[in-house]
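First up is the structure itself, then whatever we jot down about it.
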Amino acid sequence: MRYRRFLTWLWVALVLGVLSWFIGHPQDFTSEHFRQILAGWGPWAFPGFVIVSFVRGALLIPSTPVVLAGGAVFPEAIPAVLVISMLGIVGSATLLYRFPGFAGYDTVLAGRYPEKLAHLREQLAKPGAMWFVAAWAFFPVVPTDLICYAAGLVRMPYRRMILGIIIGELPLVTAYVLLGVKLSGLLPT
């Protein structure tokens, strides 16, 4: 139990640290900044992109700047950027889906927000819940991480949640990668 508490506080500290960094230095979270960092890594740029794609989800950093930067920095590797970006999103979704039960947040939030969770539980328990998740994931203004977290809290079947995420995110990620490629033509080399 002690290690779980430690891991929870470590995760909270990391998220708060990144959030503070984001508030204090928003220019560090632009696609241009990520492109510059990755370009400076030379032959390690693509492995760096892979690592950033997988780590950003654990820190709740939005995937959009990372995907755009991937398309801008690696326009010759569109399929690889698309696959790596989707794997990072699926990994993030899985982590958020599984995390509430691990840390005990499911019982805390169920006690604090029973009406809201009951409404989400109702929406996510319907036969078309996968399409609800897909629509949520497709809409770029709302955070996909939130629906993954809610699905974990209400114990929506993982397979339906992750299929909804993939269906909703794949068109967006494809568009972001292609937009990143277009941006690469505008960026200085």
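Taking the stretch 58-133 and the helices (runs of 4 or more DSSP H) fully enclosed by it, the elements with 2 or more residues that are surrounded by fewer than 19 Cβ atoms within 10 Å (Cβ to Cβ), at pLDDT 85 or above and under 20 Å from the mean Cα position of the chain (by Cα) are at 78-103.
Restricting attention to the stretch 1-31, the residues that are loosely packed, with under 10 Cβ neighbours inside 10 Å, over 20 Å from the mean Cα position of the chain (by Cα) and modelled with pLDDT of 75 or more total 1.
Of the conditions (1) crowded, with 17+ Cβ neighbours inside 10 Å; (2) hydroxyl-bearing (S, T, Y); (3) modelled with pLDDT of 85 or more, Y158 clears all except one; give me its number. Y158 satisfies all of (1) crowded, with 17+ Cβ neighbours inside 10 Å; (2) hydroxyl-bearing (S, T, Y); (3) modelled with pLDDT of 85 or more except (1).
Select from the stretch 134-154 the residues that are in contact (Cβ under 8 Å) with a residue 40 or more places away in the chain and more than 14 Å from S92 (Cα to Cα) and write down the one among them that is surrounded by the most Cβ atoms within 10 Å (Cβ to Cβ). Filtering first and then ranking leaves L153.
The values are calculated or read from the model by the stated rules, or taken from the named source; none is laboratory data. Remember, predicted model here, so these are calculated numbers, not experimental data. FYI the Cβ positions are ideal-geometry reconstructions off the backbone, even for glycines, and counts take in every protein chain you see.
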